[in-house]
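Working notes, structure below.
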């Protein structure tokens, strides 16, 4: 069946005519979506949230109230950006140039935050560009991310550091011995290797059991 429903855009939201909004998406009161931004299908952009020019947001993402996503951020599908979280875009921010003229978008090159599939960024966290948040990673509320976050990592603090591994459900994983981990919520198995975490497929689990 082909879906035909239009996005729901509240009357007080400001969505540029050049922005592309996917079907099934809701843009709530006082949110702003700038020119050339792309917001995928079945997303929620919360009250007072800001999506900058050219930002790309994948399908089924949630951008919570008053979150600020500055260009050129790229969010893959299934991402969560918590209330009042900020994704920055300027390594050396200034209001004016050295000759005291107002600084424009042409003065310097904007850098972005890349958020991998299924990743979550907690309330009031700040991701300082350029930085990549790995797939299914989780940034704790109030953290300041200044370096890349591995897939499935739970990071916290200022600056943020890895404190646990999490699975697809976002629940901290339990150690299963020999570098293995198990998700208590889903039963999925994972393996840590040289500071990275990967989900174990069934064939790999069978080989481990035989060994």
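The values are calculated or read from the model by the stated rules, or taken from the named source; none is laboratory data. Note that this is a predicted model, so its numbers are computed, not measured. Using ideal geometry, Cβ is built from the backbone for each residue, glycine included, and neighbour counts are taken over all protein chains shown.
The figures follow:
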{"read-out": "Hey, residue 86 under 25 Å from residue 25 (Cβ atoms) and touching a strand residue (DSSP E or B) at 6+ places or on another chain (Cβ under 9 Å) or not", "value": "yes"}
{"read-out": "Residue identified as surrounded by fewer than 18 Cβ atoms within 10 Å (Cβ to Cβ) and either outside the structural domain of residue 117 (by TED's automatic domain parsing) or over 23 Å from residue 135 (Cβ atoms) (or both) among 33, 91", "value": "91"}
{"read-out": "All strands (runs of 3 or more DSSP E) inside segment 132-189 with 2 or more residues being surrounded by fewer than 18 Cβ atoms within 10 Å (Cβ to Cβ)", "value": "161-165, 174-177, 180-182"}
{"read-out": "Filter result (under 22 Å from residue 160 (Cβ atoms) and more than 10 Å from the chain's Cα centre (by Cα)) within segment 87-109", "value": "88, 89, 90, 91, 92, 93"}
{"read-out": "Those residues of segment 64-79 which are under 9 Å from the mean Cα position of the chain (by Cα) and not in a loop (DSSP other than H, G, I, E, B), in sequence order", "value": "74, 75"}
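Condition check ((1) at pLDDT 95 or above; (2) in the same structural domain as residue 65 (by TED's automatic domain parsing); (3) within 26 Å of residue 69 (Cβ to Cβ)) across all residues:
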{"site": "125", "(1), (2), (3)": "yes, yes, yes"}
{"site": "147", "(1), (2), (3)": "yes, yes, yes"}
{"site": "155", "(1), (2), (3)": "yes, yes, yes"}
{"site": "175", "(1), (2), (3)": "yes, no, no"}
{"site": "179", "(1), (2), (3)": "no, no, no"}
{"site": "182", "(1), (2), (3)": "yes, no, no"}
{"site": "189", "(1), (2), (3)": "yes, no, no"}
